[in-house]
Amino acid sequence: MENERVAERTGKWIFQLQQEQGLQFRIASEQEENSHILIEGHEISELLDYLYERRELIYEATHDQETRRREAKAAREASAVNGLKKRRVEPTLYLDDGIQRTRATTA
């Protein structure tokens, strides 16, 4: 990743990860691009650890009730569909000629 600049614009923020003298992560408001926060080296890892440890709190705070309800409904529906697929049993067909019953083979 030699001097590679990867910039992500969200409509409100600009995130930029680059490697010059070392790894640097810049965060700036799109309205004030010249004013940015610079996080370097090991501090990037510390920030990621901090966010990871608080991922549940972040998720709860950023997903409203309606979104959570839709996600739960989609998960239930997917689970029900997968459950039906797993429980489906192939029917066994028999032929009865009045004397004996034999299993029909399906090809």
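The values are calculated or read from the model by the stated rules, or taken from the named source; none is laboratory data. These numbers were taken from a predicted model, which means no experiment stands behind them. Don't worry about glycine lacking a Cβ; one is built from the backbone with ideal geometry, like all the others, and counts go over all protein chains shown.
Is there any pair with a first residue in the stretch 35-51 that is farther than 13 Å from L17 by Cβ and without any contact (Cβ under 8 Å) to a residue 24 or more places away in the chain and a second that is aliphatic (A, V, I, L, M) and assigned to a helix (DSSP H, G or I) whose Cβ atoms are under 8 Å apart and which are 6 or more apart or on different chains, and what are they?
The qualifying pairs are L51/I58.
Check off (1) modelled with pLDDT of 80 or more; (2) of a type in the set (S, T, N, Q); (3) outside any strand (DSSP E or B) for T102 and give me the number that stays unchecked.
Of (1) modelled with pLDDT of 80 or more; (2) of a type in the set (S, T, N, Q); (3) outside any strand (DSSP E or B), only one is false for T102: (3).
From A75, A80, grab the single residue that is among the hydrophobic types (A, V, I, L, M, F, W, C) and modelled with pLDDT of 85 or more.
Working: A80 fails: modelled with pLDDT of 85 or more.
Exactly one of A75, A80 is among the hydrophobic types (A, V, I, L, M, F, W, C) and modelled with pLDDT of 85 or more, namely A75.
Looking at Q65 and the list (1) within 28 Å of V6 (Cα to Cα); (2) loosely packed, with under 10 Cβ neighbours inside 10 Å; (3) not assigned by TED's automatic domain parsing to the domain that holds V6, which single condition is not satisfied?
Status for Q65: all satisfied but (1).
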